[in-house]
Amino acid sequence: MPISDDTRESIRSLLAAGELPTEEIAEKLGVSPRTVSAIKAHITMGRYGLAPPAAEIEEELDAFETTFGLERDLQAALRANIGELEAGLVIIDDGKERSTAAGRIDILARDKAGATVVIELKAGDARAEVVTQTLGYIGALTQEGVTPLRGIIVAGRFPDRVIHAARAVPNLHLVSYRFKFSFSAGESTGKL
């Protein structure tokens, strides 16, 4: 549903103030969190003029929803098979994302040596910002007194820039995922 120019400008102003999280902005202005996230993405990418066309916002919402769905599915699959990521990992976040001063951690685990492990998931290609994001979570947990700490970023592919950045941080590791589909014969309806 299209939003008014006034609502769009209010979202921009609240995002610029940086005082409220996406969900609170959405609730305050009576829009969906997806709408706020789409406008925030436009601002972040420098593509936001006075008002992006409604079609562009809708396109951004669709892309956001697809990525969010893939990351949610990836998180569920990894939570169910955490030992596949690394032997000895145990999830310690009670099955939900852990909130910190730097944002929400996708999965928080403990390794067999007793270190707390921040696990950040990205559907598809990782962007360079994921290194900063993960280090922010590690820094926030350090402020809370959690030690020792390390991070694992899981993504479909890592561009060279991300690989080089991660090499500079000894306690940060990159892991690529792959999907394997298997199919089994079921009943046929005879219809296509």
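Just so it is clear, none of the values below were taken in a lab; they were calculated from the coordinates. Please read all numbers here as calculations on a predicted model, not as lab measurements. Glycine also receives a Cβ, built like all others from the backbone with ideal geometry; neighbour counts cover every protein chain displayed.
If you stretched the chain out fully between residue 73 and residue 32, how much longer would it get, using 0.36 nm times the residue separation minus the C-alpha to C-alpha distance? All intermediate terms of the calculation are to be shown ahead of the outcome.
Details: separation 41, 0.36 × 41 = 14.76 nm, distance 2.12 nm.
Residue separation times 0.36 nm, minus the Cα-Cα distance, leaves 12.6 nm.
Note down the magnitude of the dipole of the stretch 74-176 about its Cα centre, charges +1 on Lys and Arg C-beta and -1 on Asp and Glu C-beta and zero elsewhere, to the nearest 20 debye. Intermediate values should be presented prior to the final figure.
Numbers: 12 positive and 12 negative charges, 23 e Å.
With Lys and Arg at +1 and Asp and Glu at -1, about 120 debye.
Tell me the Rg and the Dmax, in Å, that the Cα atoms of the stretch 72-165 produce.
12.7, 34
Short version: ³J(HN,Hα) in whole Hz for each residue of the stretch 28-38, in order, from phi by Karplus 6.51 cos²θ - 1.76 cosθ + 1.60 (θ = phi - 60°), x for Gly and Pro, what are they?
Taking θ as phi minus 60°, the curve returns 4, 9, x, 10, 7, x, 4, 5, 4, 5, 5 Hz for the stretch 28-38.
Please list 3J(HN,Hα) in residue order for the stretch 147-154, calculated via the Karplus relation 6.51 cos²θ - 1.76 cosθ + 1.60 where θ = phi - 60°; whole Hz, with x for glycine and proline.
The phi angles translate into 8, x, 9, 8, x, 10, 10, 10 Hz.
Counting Lys +1, Arg +1, Asp -1, Glu -1, what net charge surrounds residue 137 among other residues with beta carbon under 10 Å of its beta carbon?
Numbers: positive: 98, 104; negative: 106, 120.
Its environment carries a net charge of 0.
Can you give me the distance in nm between label points at residue 144 and residue 96, each placed 7 Å from the Cα along the Cα-to-Cβ direction?
1.4
Hey, what do the phi angles of the stretch 6-13 turn into as Karplus ³J(HN,Hα) couplings, whole Hz, using 6.51/-1.76/1.60 and θ = phi - 60°, x for Gly and Pro?
5, 5, 4, 5, 5, 4, 4, 5
Using R₀ = 22 Å, calculate the FRET efficiency as 1/(1 + (r/R₀)^6) where r is the Cβ-Cβ separation of residue 184 and residue 86; round to 0.05. If you can, show how the numbers build up before the last one.
Details: r = 30 Å, r/R0 = 1.35.
The value I calculate is 0.15.
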